[in-house]
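Input: a single structure, listed below in structure tokens.
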Amino acid sequence: MGFADLPPGQHAKEMRDHWWWRPGWQVGQRALTWHLTFEGQTAFHRLVEGYQRVLARFPGLEPVPVSWLHLTMQGIGFTSGVAPADVARIETAVRERLAVLSVPTPTFGQVVVADEAVVLPPDEEGEKAIRAVRAAIRSGIGSVWGVDGVPENSSHYRPHVSIAYSNRTQDAAPVVEAITVAGEQSVRLDVPTASLIELHRDRRVYEWEVVAEVPIGHA
């Protein structure tokens, strides 16, 4: 059961290795995708690092470096299968659509232990705003490739920021207990841009180069 399948407020019972190779992925593979990233969000970084200190006692969890924190939005495809001209057209279409939205201001704080990661979902209002950004990105891709050509499921999606990935099969209960004892903190932040990135996972961490930073709400 993935995070999107967990009922709100519930945790997974067991965790598994996140770093298995998904179909099409291998060392050296690169993918174009849209993420929200958190450069310069020092208060958010402090929140994450506080939780990561609590999780440091678990060797089966690998913390996400704050420089690589991200909220996955919408994939485009592997670089080998996407024409550069299409990337440019998609960027332009998405830029037009994001310009008329409001800047998302999610609050993060609640921690959920999911099947492959410990994650921070946004609050309800933040989730609505993030979903609106994703819908605009999907609309931009659809304007170039057609509605049926937009990758990924339109509804099986639940926004979150992973703060530590599981690297083995393990009981989730001790992790749940640790974060419960630690108590909940929260941070509200502005997310003024969406990032089109070229992503890889060659070193058991998601790393990327930015292709374009697209403002949200700057019409």
Exercise. Any idea which of (1) of a type outside the set (Gly, Ala, Ser); (2) assigned to a helix (DSSP H, G or I); (3) surrounded by fewer than 18 Cβ atoms within 10 Å (Cβ to Cβ); (4) touching a residue at least 60 places away in the same chain (Cβ under 8 Å) is the one Glu96 doesn't satisfy?
Worked result: (4)
Exercise. Could you say which residue among Val87, Val82 is closer than 23 Å to Arg201 by Cα, β-branched (Val, Ile, Thr), surrounded by fewer than 17 Cβ atoms within 10 Å (Cβ to Cβ) and out of contact with any helix residue (DSSP H, G or I) (no Cβ under 8 Å at 6 or more places or on another chain)?
Worked result: Val82
Exercise. With Glu152, Glu116 as the choices, which residue is within 16 Å of the chain's Cα centre (by Cα) and on the phi > 0 side of the Ramachandran plot?
Worked result: Glu152
Problem set entry | Filter result (among the acidic types (Asp, Glu) and not in a loop (DSSP other than H, G, I, E, B)) within segment 1-44 | Asp5, Glu14
Problem set entry | Cβ pairs under 9 Å, 6+ apart, first in segment 146-163 and of a type in the set (Phe, Trp, Tyr), second surrounded by fewer than 16 Cβ atoms within 10 Å (Cβ to Cβ) | Tyr157/Ala4
Problem set entry | Condition check for Pro106: surrounded by 15 or more Cβ atoms within 10 Å (Cβ to Cβ), of a type outside the set (Val, Ile, Thr) and within 17 Å of the chain's Cα centre (by Cα) | yes
Seminar exercise, completed: Listed by range, strands (runs of 3 or more DSSP E) wholly within segment 112-219 having at least 2 residues that are among the hydroxyl-bearing types (Ser, Thr, Tyr) are 161-166, 193-200
For this session: Scan segment 129-161 for residues that are aromatic (Phe, Trp, Tyr) and more than 23 Å from Gly217 (Cα to Cα) and jot them down.
Result: Trp145
Problem set entry | Tabulated pairs, segment 70-81, first under 19 Å from Val133 (Cβ atoms), second surrounded by fewer than 18 Cβ atoms within 10 Å (Cβ to Cβ), C-beta under 6 angstrom, 6+ apart or interchain | Gly75/Pro151; Gly75/Glu152; Ile76/Val82
Exercise. Is there any pair with a first residue in segment 38-52 that is closer than 10 Å to Leu189 by Cβ and surrounded by 18 or more Cβ atoms within 10 Å (Cβ to Cβ) and a second that is at pLDDT below 95 and of a type outside the set (Lys, Arg) whose Cβ atoms are under 6 Å apart and which are 6 or more apart or on different chains, and what are they?
Worked result: Leu47/Gln185
Exercise. Restricted to segment 170-187, and to residues that are touching a residue at least 60 places away in the same chain (Cβ under 8 Å) and polar (S, T, N, Q), which residue is surrounded by the fewest Cβ atoms within 10 Å (Cβ to Cβ)?
Worked result: Ser186
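The values are calculated or read from the model by the stated rules, or taken from the named source; none is laboratory data. In this text the structure is predicted, and so the values were computed from the model without any measurement. Virtual Cβ from ideal backbone geometry, glycine too; neighbours counted across all protein chains shown.
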